[in-house]
Amino acid sequence: MNQALDPALLQAATGAAPAMDAYWMPFTANRQFKKAPRLLTRAEGMHYWDDQGRQVLDAVAGLWCVNAGHARPRIVKAIQQQAAEMDFAPPFQMAHPKAFELAERLAAIAPAGLNRVFFSNSGSEAVETALKIALAYQRVRGEASRTRLIGRERGYHGVNFGSISVGGIVGNRKMFGAMIAGVDHIRHTHDPARNAFSVGQPLHGADAADDLERLVALHDASNIAAVIVEPVAGSTGVLIPPQGYLQRLREICTRHGILLIFDEVITGFGRTGSPFAAQTFGVVPDLITCAKGLTNGAVPMGAVLVRQDIHDAFMTGPEHLIEFAHGYTYSAHPLACAAGIATLDTYAEEGLLTRAAGLAQGFAQAVHSLRGEPNVIDVRNIGLVAGIELAPLPGEPARRAFGVFLDCLAQGVMVRTTGDTVALSPPLIIEPAQITQIVETLRGALRRAA
Ligand SMILES: Cc1ncc(COP(=O)(O)O)c(C=O)c1O
């Protein structure tokens, strides 16, 4: 090809907008986006800057992941140094020191007992890994008939086949055939008739956990390996667990020998006011999946935190044999480990893993002040996460909220919408004045959308 005509080179030389045909964007209305692109080009602290140089306040920590704010110097430096020192080390039958260091650091902040760590590259892969650990564990402990996996309606666990099978969002499932076999779902906890506008954990609905007893009665516990739930369901619209619900789920799982997996891909790393939501709610699961805030979103990485005796059950048989036939080329990637360690250092130095607890009350007051604004039918919150649910436009679900998102962006605040819920999950470094800016921008957009 004549290089002078190469569109990519031309674009680089002129600074013109890039050609947009080739990139098939994930979870995006591609045609709509490409008609009116929204491009971010720089980020620092609480802010992005777009391709026009406009500053945008980040009310969602990127995508629920940049918990310490953007471009934190310690994390940037750690990634740069690691890239120069050692770009890659094979994780199968070899290792590098930072993988061990990060695993120890994670074990130290995890709920007591969950002190073994398996690394992946995303939340979806962490979920896939946790489901495989659960199935394999039941087998190695002599309960091989326990092959069923239980998810929850409206759950989001990522997009791989295991994730969508246990997930409960129909739009993410309906195109993909039968998915994996032997999966069932307990009912979701959303009960607006009784719980709308609850501040923090809703009062009603602990009994939704009893739905697991229905599935035990249907399948028999001897056939069920594990239950997976998000302690706070994020992507389905921020559903806060009713008081006592997670405790009850824990009790039922324990009674029936079923493993309980908390998917903390969103709630992990300080979102609810503790390192993990398990600690906020005082319920210890058997496995925790995490990702996102693990590296402050700077390098892709996920992890499964595992109860020690589950790990130890695999450590039998001849020592020269691989105990668990699973792993990714990029498990414990050096850049991700360097970013993860620097992220945990940043969280520790600035007290970020518990900072949300101190800000939660002011944040709750601010978001609940939106009650009474046009079309607001519910407000839900815990720690530094909130969902503001809007009445859908008749026959056009999700459209009203998306319009509000576009309006907020035009006013310099990036929120996120899922269905007709506006979700807020700002970086944990947020200052009260910025909470006010987010909520007042949203209020204006709601009024204009009325
Ligand atoms: C609870 C939960 N689990 C899993 C995932 C999937 O993570 P990833 O997109 O990194 O695969 C997400 C992503 O938002 C999530 O919220």
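The values are calculated or read from the model by the stated rules, or taken from the named source; none is laboratory data. Fair warning: this is a prediction, and the values are worked out from it, not measured in the lab. Virtual Cβ from ideal backbone geometry, glycine too; neighbours counted across all protein chains shown.
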**OP:** All but one of (1) touching a strand residue (DSSP E or B) at 6+ places or on another chain (Cβ under 7 Å); (2) assigned to a helix (DSSP H, G or I); (3) within 16 Å of the ligand (Cβ to nearest atom) hold for Leu215, so report the exception by its number.
**Re:** (3)
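In the range 61-81, is there at least one residue being of a type in the set (Phe, Trp, Tyr) and crowded, with 17+ Cβ neighbours inside 10 Å? Lay out the reasoning, then the answer.
First pass over the range 61-81, keeping only residues of a type in the set (Phe, Trp, Tyr): 64.
Imposing the further condition that a residue be crowded, with 17+ Cβ neighbours inside 10 Å reduces the set to 64.
Yes, the conditions are met somewhere in the range 61-81.
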Subject >> Pair list, Cβ under 8 Å, 6 or more apart: the range 318-331 residue assigned by TED's automatic domain parsing to the domain that holds Met86, other residue at pLDDT below 95 and of a type outside the set (A, V, I, L, M, F, W, C) >> reply: Glu323/Gly317
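Among the helices (runs of 4 or more DSSP H) contained in the range 57-172, which hold 1 or more residues that are away from the ligand (no atom under 16 Å from the Cβ) and over 30 Å from Glu431 (Cβ atoms)?
Details: elements: 61-64, 73-85, 97-109, 123-140, 161-166.
Per the criteria, 73-85, 97-109, 123-140.
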Subject >> the range 274-288 residues that are closer than 12 Å to Pro241 by Cβ and surrounded by fewer than 24 Cβ atoms within 10 Å (Cβ to Cβ), paired with ones that are of a type in the set (Lys, Arg) and at pLDDT 95 or above (beta carbon under 7 Å, 6 or more apart) >> reply: Val283/Arg250
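Report yes if Leu246 is within 16 Å of the ligand (Cβ to nearest atom), over 28 Å from Val376 (Cα atoms), in the same structural domain as Ala112 (by TED's automatic domain parsing) and touching a Pro at 6+ places or on another chain (Cβ under 7 Å), otherwise no. Quick ask: steps written out before the conclusion?
Details: within 16 Å of the ligand (Cβ to nearest atom): yes; over 28 Å from Val376 (Cα atoms): no; in the same structural domain as Ala112 (by TED's automatic domain parsing): yes; touching a Pro at 6+ places or on another chain (Cβ under 7 Å): yes.
So Leu246 fails the test.
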Subject >> Lone qualifier among Ala226, Ala233, Ala209 - being away from the ligand (no atom under 16 Å from the Cβ), closer than 20 Å to Asp263 by Cβ and in the same structural domain as Val284 (by TED's automatic domain parsing) >> reply: Ala209
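This table checks each residue for (1) closer than 23 Å to Ala95 by Cα; (2) among the β-branched types (Val, Ile, Thr); (3) under 19 Å from the mean Cα position of the chain (by Cα); (4) away from the ligand (no atom under 13 Å from the Cβ).
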{"site": "Gly257", "(1), (2), (3), (4)": "no, no, no, yes"}
{"site": "Asp263", "(1), (2), (3), (4)": "no, no, yes, no"}
{"site": "Gln279", "(1), (2), (3), (4)": "no, no, yes, yes"}
{"site": "Asp286", "(1), (2), (3), (4)": "no, no, yes, yes"}
{"site": "Thr289", "(1), (2), (3), (4)": "yes, yes, yes, no"}
{"site": "Thr295", "(1), (2), (3), (4)": "yes, yes, yes, no"}
{"site": "Leu305", "(1), (2), (3), (4)": "yes, no, yes, yes"}
{"site": "His333", "(1), (2), (3), (4)": "yes, no, no, yes"}
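Tell me yes or no: at least one residue of the range 189-196 is of a type in the set (Val, Ile, Thr), outside the structural domain of Val60 (by TED's automatic domain parsing) and either closer than 21 Å to Leu63 by Cβ or more than 16 Å from the ligand (Cβ to nearest atom) (or both).
To start, the set of residues in the range 189-196 that are of a type in the set (Val, Ile, Thr) comprises 189.
Remaining after also requiring outside the structural domain of Val60 (by TED's automatic domain parsing): 189.
So of that shortlist, the ones also either closer than 21 Å to Leu63 by Cβ or more than 16 Å from the ligand (Cβ to nearest atom) (or both) come out as none.
So far as the range 189-196 goes, no, none of its residues is of a type in the set (Val, Ile, Thr), outside the structural domain of Val60 (by TED's automatic domain parsing) and either closer than 21 Å to Leu63 by Cβ or more than 16 Å from the ligand (Cβ to nearest atom) (or both).
Report the residue count in the range 265-274 for those that are of a type in the set (A, V, I, L, M, F, W, C) and within 9 Å of the ligand (Cβ to nearest atom).
So the first thing to find is which residues in the range 265-274 are of a type in the set (A, V, I, L, M, F, W, C), and the list is 265-266, 269.
Add one more test, that the residue is within 9 Å of the ligand (Cβ to nearest atom), and what stays is 265-266.
Of the residues in that region, 2 qualify.
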